[in-house]
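Notes follow the structure.
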Amino acid sequence: MLARNPTNAEAHNNLGLLLKEAGQLDAAIDEFRRALAVNPQYVRALNNRAVTELAQGHVDAAAADLNTALAVDPDNVDALVNLALTRKAAGQPEDARLLLMRALVADPRSAAAHYNLAVQYDREGEITRAVEHYRAFLEFAGANYAAQAADVRARLARLERGES
């Protein structure tokens, strides 16, 4: 598809995702960059590049991409959750929590937002809130979260037994 239409932003984005999955992070970022050269406001490519940058430890670059995505689409739940992860990585847990709560206002069924809030509350010893969000995660998690759901069920069982 790219050979016939090199200005297809979606095709560059999808190729970037395949390269990311294959562990070729620099090549993936190049493809996301190509997608954004075609459409600088392509929120999915901004989000995907940010996630890849974050995986490489480039927290500031990831945050910049996510802020650009949110300027285009202020209620984009994926961008909000991922920006929360950049705040967490930067040692700003309160900012992370506020972004996750904002994501839940935009989409109360966001499994990713519930999961990340649960983990944060769990680490901070706020067990009641952690359990609430772990349960919400399990309610809204789809097939994409199957492995994570098993871990959450095990964690909930330990918490309900009063174990740390």
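The values are calculated or read from the model by the stated rules, or taken from the named source; none is laboratory data. All values derive from a computational prediction rather than experimental measurement. FYI the Cβ positions are ideal-geometry reconstructions off the backbone, even for glycines, and counts take in every protein chain you see. Heavy atoms of the whole protein, side chains included, go into the accessibility calculation; ligands, DNA and RNA do not. Shrake-Rupley method; radii C 1.70, N 1.55, O 1.52, S 1.80 Å.
Kindly evaluate L15 against the criterion of being at pLDDT below 95, more than 28 Å from F137 (Cβ to Cβ), more than 13 Å from the chain's Cα centre (by Cα) and outside any loop (DSSP other than H, G, I, E, B).
Considered against the rule, which asks whether it is at pLDDT below 95, more than 28 Å from F137 (Cβ to Cβ), more than 13 Å from the chain's Cα centre (by Cα) and outside any loop (DSSP other than H, G, I, E, B), L15 comes out as yes.
So G91 fits all but one of (1) assigned to a helix (DSSP H, G or I); (2) out of contact with any helix residue (DSSP H, G or I) (no Cβ under 7 Å at 6 or more places or on another chain); (3) within 17 Å of A55 (Cα to Cα); what number is the exception?
Single failed check for G91: (1).
Tell me the residue from R155, R97, R102 that is of a type in the set (D, E, K, R), in a helix (DSSP H, G or I), within 27 Å of N48 (Cβ to Cβ) and open to solvent by less than 60 Å² (accessible area, probe 1.4 Å), please.
The conditions single out R97.
Out of segment 105-127, which residues are out of contact with any helix residue (DSSP H, G or I) (no Cβ under 8 Å at 6 or more places or on another chain) and either of a type in the set (D, E) or open to solvent by 60 Å² or more (accessible area, probe 1.4 Å) (or both)?
V105, P108, R123, E126
Test each condition in (1) crowded, with 19+ Cβ neighbours inside 10 Å; (2) closer than 30 Å to L156 by Cβ for L46 and report the one that comes out false.
Going through (1) crowded, with 19+ Cβ neighbours inside 10 Å; (2) closer than 30 Å to L156 by Cβ one by one, L46 breaks only (2).
Could you tell me whether segment 50-69 includes any residue that is over 17 Å from the mean Cα position of the chain (by Cα) and open to solvent by 30 Å² or more (accessible area, probe 1.4 Å)?
no
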